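Everything below concerns the one structure shown next.
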Amino acid sequence: MYLTYIDESGKPERTDSEDEFVLAALSINESEWKRIDRRMTDLKLKYFPDADPESVEFHTTDIISHKGSFKAMSVVTRMEIIEDLVRLVSETNCHISAVVVKKNELTNPELDVGMFTMKLLFDRLCSFHDHMNSAKLEDDEEYGILMIDSVDEKYDNRLRIKIRELCKSETRRIKNRYLIEDPIFVDSKYRHLSQLVDCVAYCIRRKHRSKQGNPKAVETFERFYIMIEGKISRCKRCGIKIFPQKT
């Protein structure tokens, strides 16, 4: 089975100050889970040797903004944490899919950005699973389950209904053959892989940001993006989709 962890960076609301909304997915085979989980625990002990690793959440926005557990840390140490996270991604047998929506370029004012982005990502995940199973016999095919970082009960329920609809629907291009129809909503505080995909989503959004800001920060996050770039799915319709895409 493939475990796919999904998280967002930015906000789907058009009133948000950031123009970009990113939904990213990190897919791993279940056989990889224990090793990655252990390495995340080791990272937490590296930076918080006296803390219970379960009490530490590597939330990238907090690391950047020096909030919570990262409040007293220097910028150098905080950037080292992010670099260690992206290095872990680069050294892991994983696959990244993502959708970047540029809200300021949308022409339909009624578009539900959050639900629409999930549909685009779902299509890419269906394509990914088709690709991974394309050379396998039927008895050896591997299915997938979605682990989604919880927002709140109302939003989660809307997303659950949307995903169940997507699982059962078919288009000329996309047919779901392998994704289990009921996603699991998780608290990222207790899920190491959710914290890892949170970092991935953040780095992708920084890469595609229209307002780049500090040149040194731009250079740093460009390096981080390059470190994870090799894990972005290369098969057709599986990697990163930009919407709307300029032609």
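Where a number appears in this text, it was derived from the coordinates with a stated rule and is not lab data. Just so it is clear, the model here is predicted, and its values are computed rather than measured. FYI the Cβ positions are ideal-geometry reconstructions off the backbone, even for glycines, and counts take in every protein chain you see.
Just a few scattered comments:
- Protection-proxy order for peptides 71-81, 111-121, 128-138, each taking the mean of Cβ atoms within 10 Å per residue, highest first: 111-121, 128-138, 71-81
- Percent RCO, i.e. relative contact order, over the range 1-52, from Cα pairs under 8 Å lying at least 6 residues apart: 35
- By other beta-carbon atoms within 10 Å, ranking Lys11, Lys241 with the fewest at the front produces Lys11, Lys241.
- Structure note, pairs Lys44/Lys216; Lys175/Lys207; Lys67/Lys154; Lys119/Lys154: Cα-Cα distances above 24 angstrom occur for Lys44/Lys216; Lys175/Lys207; Lys67/Lys154.
- Theoretical gain in end-to-end length, Glu219 to Glu91 [0.36 nm per residue, Cα-Cα removed]: 43.9 nm
- For the chain, the relative contact order is 33 percent, taking Cα pairs closer than 8 Å that sit 6 or more residues apart in sequence and dividing their mean separation by the residue count.
- Net charge of Cβ neighbours under 12 Å - reference Ile82; Lys, Arg +1; Asp, Glu -1: -1
- Residues Tyr202, Tyr2, Tyr190, sorted so that the one with the fewest Cβ neighbours within 10 Å comes first: Tyr190, Tyr2, Tyr202
- Simple spin-label estimate for Leu137 and Asp112 in nanometres, 7 Å along Cα-Cβ: 4.3
- Cβ-based exposure ranking for Tyr5, Tyr47, in which fewest neighbours within 10 Å come first: Tyr47, Tyr5
- Over the chain: helical MRE at 222 nm, DSSP H runs n ≥ 4 each giving -39500 (n - 2.57), nearest 500: -14000 deg cm²/dmol
- As a length-normalised measure over Cα pairs under 8 Å and 6 or more apart, the relative contact order of the range 99-191 settles at 34 percent.
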